[in-house]
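J.: After the structure tokens below, expect a handful of questions from me.
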Amino acid sequence: MKEKKTEVILEVKNLKKVYMKNDGEPHVAVNGISFELMKGEIFSFLGPNGAGKSTTINMLTAQLTPTDGEIVFQGQSLKDNPIFAKSKVGVVAQHNNLDRGLTARENLIYHGQYFGMSEGDAAKKADELLASFGLTDWGNDYVKSFSGGMAQRLKIARAIMHQPEILFLDEPTTGLDPAYREILWQHVLKLNKEYNTTVFLTTHYMEEPERFSDRVAIYNKGAIKTLGTVEELRKKVPSQTIITIVLDALNEDVVKEVKSQADVKDVSVKDEKTFVVYVDNSQKVINELLALIDKKGLTLESINLSATTLDDIFIHLTTNDIKND
Ligand SMILES: Nc1ncnc2c1ncn2[C@@H]1O[C@H](COP(=O)(O)OP(=O)(O)OP(=O)(O)O)[C@@H](O)[C@H]1O
Ligand SMILES: [Mg+2]
């Protein structure tokens, strides 16, 4: 059990963002959310594509002006003092915002100097990070020649050049191979442990928040659906055991029939072939499911019994919204 963090570093009150679409219609991307970020915690902000996660990060890092609401960073209003907040955060944005006219090493050194490091300290740190992220041989190359994964590694190195108070990571591991994912997490956990750096993470890889988060918010359609530790979130799903079934093709009749079985607590449809069944008595339900699939003349591609993961919690708390779109 992780130690509970109690000092508030960032307060978000009724934060809202309405975009104007090209057709002149307003689009509410963030619909008045409120939460507190605690000093030293790793906070995961999870939600489906288009839910408004990057919009939220852009507002929290003073890159985008909110339509309404308030953000208070270390007791100071972000609106009144954006420079103060900007000087204390590190951001790995979702898009590539490296300076294409600079080399990799220059990207890091200039960033460090901008955040108050001496040229010597910035150069030393840049070389350490280039080595850590496998970019030493590319340090003097312009970033326009970088592959997607290389650019991502450099964006991460840049965000941690100066020890930020809060590190915002917007899908930082997208495009990274598994070895560099681990290296990223080693750096993030080291910052968190040694400097009590607060981490605000968005990701679609659910094993990351499950392994590393103090708290998780599940967010969809502009609103926070649930917020708590992974253990607290586990209690939000109908059972702790699930059966995942992949058929050659899924139809509503089968889902309805499975849902009506006595020991089935709930059913979530994952994709056009896969559904997830929340169960109490797994052995009995497996036998019933196999009989039903046989009776319907369907082809079973796979069946898997497991404990619920954050992936399942996420799907359970967001699929109904998606289905109703
Ligand atoms: N500049 C903009 N103008 C109009 N609409 C926008 C703009 N930026 C984002 N949106 C819309 O706001 C919604 C939220 O976008 P956002 O990028 O915050 O989502 P996200 O949760 O980060 O998604 P993803 O997981 O795909 O990164 C989307 O519907 C998007 O189309
Ligand atoms: Mg995004």
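The values are calculated or read from the model by the stated rules, or taken from the named source; none is laboratory data. Because the structure is predicted, anything quoted here is derived from the model rather than measured. Cβ sites come from the backbone with ideal geometry, for glycine too, and all protein chains shown count toward neighbours.
J.: With of a type in the set (Gly, Ala, Ser), modelled with pLDDT under 95 and either within 16 Å of ligand 1 (Cβ to nearest atom) or out of contact with any strand residue (DSSP E or B) (no Cβ under 6 Å at 6 or more places or on another chain) (or both) as the only criterion, which of Ser239, Ser260 stands out?
T.: Working: Ser239 fails: either within 16 Å of ligand 1 (Cβ to nearest atom) or out of contact with any strand residue (DSSP E or B) (no Cβ under 6 Å at 6 or more places or on another chain) (or both).
One residue alone meets the criteria, Ser260.
J.: So, one more: When the range 188-246 is examined, which residues are found to be in contact with a Gly (Cβ under 8 Å, 6 or more places away or on another chain), of a type in the set (S, T, N, Q) and within 16 Å of Phe43 (Cβ to Cβ)?
T.: Scanning the range 188-246 gives Asn192, Asn196, Thr197, Thr198, Thr202.
J.: Taking only pairs six or more apart or across chains, which ones have beta-carbon atoms under 7 Å, a first residue in the range 2-26 that is among the hydroxyl-bearing types (Ser, Thr, Tyr), and a second residue that is more than 16 Å from ligand 2 (Cβ to nearest atom) and assigned to a strand (DSSP E or B)?
T.: Thr6/Met38
J.: Let me ask something else about it. Quick one: Asn192 ticks every box in (1) farther than 26 Å from Leu305 by Cβ; (2) at pLDDT below 95; (3) more than 16 Å from ligand 2 (Cβ to nearest atom) bar one, so which box is it?
T.: Unmet for Asn192, out of (1) farther than 26 Å from Leu305 by Cβ; (2) at pLDDT below 95; (3) more than 16 Å from ligand 2 (Cβ to nearest atom): (2).
J.: While we're on this one: Assuming Lys21 fulfils every condition listed in (1) surrounded by 15 or more Cβ atoms within 10 Å (Cβ to Cβ); (2) charged (D, E, K, R); (3) within 13 Å of ligand 1 (Cβ to nearest atom) apart from one, which condition is it?
T.: All conditions pass for Lys21, except number (1).
J.: Out of (1) within 30 Å of Tyr142 (Cα to Cα); (2) within 20 Å of the chain's Cα centre (by Cα), the odd one out for Thr56 is which?
T.: Only one criterion is unmet by Thr56, namely (1).
J.: Another question, then. Take the range 136-195 and flag every residue that is crowded, with 19+ Cβ neighbours inside 10 Å, polar (S, T, N, Q) and within 15 Å of Glu207 (Cα to Cα).
T.: Thr173
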